[in-house]
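See structure below.
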Amino acid sequence: MLHLRLRRLFTTSVTRSHLHRAFPGPVTSPISTRSSIPNRLHLSRSGVRVAPLMSSSASSAPADKTRRAPHVNLPPSTADKSDLYRGLEAVLGSKFSSEPLIPPPHPLIIVISGPSGVGKDAVIKRLQEVREGLHFVVTATSRAKRPGEVEGKDYYFVTKEEFLSMIERNELLEYALVYGEYKGIPKQQIREHMAKGYDVVLRVDIQGAETLRSIFGKSAVFIFLVAESEAALVKRLIDRKTETSDMLLVRVATAREEMKHVRDFDYVVVNEEGKLDNAVKLVESIIDVEKAKVDQRKLQI
Ligand SMILES: Nc1ncnc2c1ncn2[C@@H]1O[C@H](COP(=O)(O)OP(=O)(O)OP(=O)(O)O)[C@@H](O)[C@H]1O
């Protein structure tokens, strides 16, 4: 069994240069076949004995006996831990490095979108409480502050004139006129936080997400938030008590249209009535999965 494991190890992991470093004695011919490597390992009661590498023809020639490098003894697995550790280093011919084997994951841009009233703000607020390493981009808006909202935390509340001059100065990644009010994403915030290694979360409506998709393509993660049903969404909007009847009508009618865009997103998360934490957990899992991807999404703004 052990022999089999070692065979696998040596046929897959040990490179020619490892072996040259491990066995500095003269090697008469290049290592040309993988199958020649495990033949050099011999099991004994005291551990694994590793013979120097030679081609099969060279090892059979009597003259080569004089040119054999000294055997390297690998302590048995019952040996002192540090002896075994050093033994492995000696056989492989280099010190084991404590450097991370894989570079840290690249900072992500996570776009959270969905119809009005679905719970984008609620999910983001909770995510902020439970997860570190995220920067939540504060959107600039010309709409009036709602009760409980804090300047610089929920939004940057600016006048329409101020918003228009931000557009003039090209300070916004994207902006839109939504239900008669401007909303836009300041670029500088994203640059600064990504440079510090933060993942950046953007909260935009569906229109905004479409624009961001055209800017970022596949280099950002797009999450579509939905309620479990249209009825639940409408009740949520009514309960919020922030819209007039006319505004409610527009939002609900728009939500119907917006549902058609779900296919343009990477993930969909259902924010069920009374189960906000489940939706937040799913968003966290999405971030974790993205961090574990071999092909990381990379983005420069
Ligand atoms: N899972 C949930 N269960 C019950 N109520 C919720 C849930 N998620 C959000 N809500 C409530 O629904 C209402 C709408 O949520 P929120 O304001 O976060 O939506 P939004 O998508 O940000 O809307 P808008 O795009 O119009 O700003 C709020 O009153 C919020 O507290």
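The residues of the range 205-241 that are open to solvent by less than 10 Å² (accessible area, probe 1.4 Å) and within 10 Å of the ligand (Cβ to nearest atom), listed by number, are Ile206, Leu225, Leu237.
From the set of residues in the range 242-275 that are within 9 Å of the ligand (Cβ to nearest atom) and more than 33 Å from the chain's Cα centre (by Cα), which is surrounded by the fewest Cβ atoms within 10 Å (Cβ to Cβ)? Ranking the qualifying residues of the range 242-275, first place goes to Thr242. Selection of first residues in the range 111-130 that are free of Cβ contacts under 8 Å to residues at least 60 places away in the same chain and of second residues that are part of a strand (DSSP E or B) and more than 8 Å from the ligand (Cβ to nearest atom), restricted to Cβ pairs under 6 Å at least 6 apart or on distinct chains, gives the following pairs, ordered by first then second residue: Gln128/Phe136. In the range 119-153, of all residues being over 26 Å from the mean Cα position of the chain (by Cα) and β-branched (Val, Ile, Thr), the one that is nearest to Asp277 (Cα to Cα) corresponds to Val150. Please work out if Phe265 is under 28 Å from Arg143 (Cα atoms), out of contact with any His (no Cβ under 9 Å at 6 or more places or on another chain) and not charged (D, E, K, R). Considered against the rule, which asks whether it is under 28 Å from Arg143 (Cα atoms), out of contact with any His (no Cβ under 9 Å at 6 or more places or on another chain) and not charged (D, E, K, R), Phe265 comes out as yes.
The values are calculated or read from the model by the stated rules, or taken from the named source; none is laboratory data. Since this is a predicted model, take the numbers as computed values, not measurements. Note that each Cβ is placed from the backbone with ideal geometry, even for glycine, and that neighbours are counted across all protein chains shown. Ligands, DNA and RNA are stripped out before the accessible areas are found, and what is left, the full protein with its side chains, is counted by its heavy atoms. Shrake-Rupley method; radii C 1.70, N 1.55, O 1.52, S 1.80 Å.
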